[in-house]
Amino acid sequence: MNPQEERALILIQALRDADLERLTTTLHTAGLLSRPLPQVRANLKAIFAQAQADHVNLLHPPADFQAWLYGPLHHHQHGKAVSPNTVIARLSTLRSVYQALLREELIGRDPLRDFPAPPPVRSTDPLPSGAEIRQLLLHAGALDDVLCAALTLTYEHAMQARELIALRWGAFDSARGTLLRRRTLSVLSASAQAVLEPLLTRAGGPLHVPEQLRIFPYDNLDALRLQTLKLCRAANVDFISPAVLRRCGLRDHDLTAQQAGFSDPQAYRLALEVAQALGVRGEEEE
């Protein structure tokens, strides 16, 4: 039995038994999960626990699977309702698992096909306006070109902070203007490429830069957030976190799923709907 056949048998049995740890460990080891393993397990824990309790075969779900799924999607294991954002996270993660199984040809169809997505969430803290973001990026360009590049990628290509911090120079193809991300190969906008070029030159240029050298110096999310906070104060705008800036980018730019780093078109549409539903701070509700 070759490794792929052995992996297939493990995945099939794990799905039949609703064995979350074994399933996710196998998918993660094979490079079939794009999200951090702890996040995947946290998002799927309630679903798999309910599947075990109800003896639901997640490999070949019953005809009423979508009706059954409503319960563990919308409730904690003790019965209390969860927030809409938690529902969205659980559904999106389960979709990514079934998409991986489709690519491995372990299932013939996606059991979540035509499953209704939750309605977009209305935020109590509306997003910054485009004018505020332009002011922030203008100050970043004058004060800190490294942070400016990081925030430009976040805004123009919906770059997540974790993948931003992990970027290496080997992922950036200056000649083609592309960036290899966790899920996609994205063609960069002209301005995103322009802010990376000076950093590339300082690092040694396209012919000499070490491929494994990190593009950005931030050791963790807190370091990036702190530098962003300092910049917001200097620019005289309310704090705009990298996560909020990413949502603004989805709202303000006509990106393809690939340009925004999404391999799953359904997940991209859902993220786009949420971002576009958020109001702009300073505007009155109609």
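The values are calculated or read from the model by the stated rules, or taken from the named source; none is laboratory data. Keep in mind that this is a model prediction, so the values were computed, not measured. Heads up, the Cβs are rebuilt from the backbone with ideal geometry, glycines too, and the neighbour counts pull from every protein chain shown. Quick note on the areas: whole protein, heavy atoms, side chains included, nothing else; ligands and nucleic acids left out. Shrake-Rupley method; radii C 1.70, N 1.55, O 1.52, S 1.80 Å.
Could you list, bin by bin from short to long, the percent of Cα-Cα pairs of the stretch 86-161 in 10 Å steps?
Cα pair-distance distribution for the stretch 86-161, in percent: 15, 27, 24, 23, 11, 1.
Scattering from the C-alpha atoms of the stretch 122-244 alone, worked out with Debye: what is log10 I(q)/I(0) at q = 0.14, 0.16, 0.21 1/Å?
-0.59, -0.76, -1.27
Using 1/(1 + (r/R0)^6) with R0 = 41 angstrom and r between the beta carbons of HIS253 and VAL82, what's the FRET efficiency to the nearest 0.05?
Efficiency, from the Cβ-Cβ distance: 0.85.
Once each part is reduced to its C-alpha centroid, what is the distance from the stretch 31-89 to the stretch 183-214 in angstrom?
The two parts, judged by their Cα centres, are 39 Å apart.
When the chain is fully extended, how far beyond the present Cα-Cα distance does PHE239 get from ARG182, taking 0.36 nm per residue of separation?
17.8 nm
Between ALA49 and LEU106, how many nm apart are label points set 7 Å from Cα along the C-beta direction?
2.3
For the chain, with all protein chains present and a 1.4 Å probe, just round the carbon and sulfur fraction of the accessible area to a whole percent.
51
Check each of the trypsin sites (Lys or Arg not before Pro) in the stretch 61-138 and keep only those in coil by DSSP with at most 10 other C-beta atoms within 10 angstrom; list them in order.
LYS80, ARG109, ARG113
Tell me, what does the Kirkwood hydrodynamic radius of the stretch 1-154 come to in angstroms if you use every pair of distinct C-alpha atoms?
Kirkwood hydrodynamic radius for the stretch 1-154: 18.0 Å.
Restricting to DSSP H runs of at least four residues, report the calculated mean residue ellipticity at 222 nm for the chain, -39500 (n - 2.57) per run over all residues, nearest 500 deg cm²/dmol.
So the helix-based figure for the chain works out to -17500 deg cm²/dmol.
[x] 33, 19, 18; [y] 55, 19, 15; [z] 37, 25, 15: which one is semi-axes √(5λ) of the Cα gyration tensor in Å as calculated from this entry?
Of the listed options [x] 33, 19, 18; [y] 55, 19, 15; [z] 37, 25, 15, [z] comes from this structure.
Quick one, what does Rg over Rh come out to for the stretch 2-50 if you take C-alpha atoms and the Kirkwood Rh?
0.97
Using only the alpha carbons of the stretch 175-286, determine the length spanned along each of the three principal axes and report them from longest to shortest in whole angstroms.
Each principal axis gives a Cα extent; for the stretch 175-286 these are 55, 37, 24 Å.
Under a point-charge model restricted to the Cβ atoms of Lys and Arg (+1) and Asp and Glu (-1), what is the dipole moment magnitude of the chain relative to its Cα centre, in debye to the nearest 20?
The calculated dipole for the chain is roughly 420 debye.
Just to confirm the number: angle between the C-alpha axis of helix 84-103 and the first principal axis of the chain, 0 to 90 degrees, nearest 10?
70
With only Lys, Arg, Asp and Glu charged, each at its Cβ (+1 for the first two, -1 for the last two), find how big the charge dipole of the stretch 1-95 is about the Cα centre; round to the nearest 20 debye.
Approximately 360 debye in magnitude.
Distance in nm between label sites at ALA190 and ASP222, each 7 Å beyond Cα in the beta-carbon direction?
Placing both labels 7 Å along Cα→Cβ, they lie 4.1 nm apart.
Per residue, how large is the accessible surface of the chain? Use a 1.4 angstrom probe and give square angstrom.
In whole numbers, the chain has 52 Å² accessible per residue.
Apply the Karplus curve 6.51 cos²θ - 1.76 cosθ + 1.60, θ = phi - 60°, to the phi angles in the stretch 238-245 and return the couplings in whole Hz, x for Gly and Pro.
4, 4, 10, 6, x, 5, 5, 4
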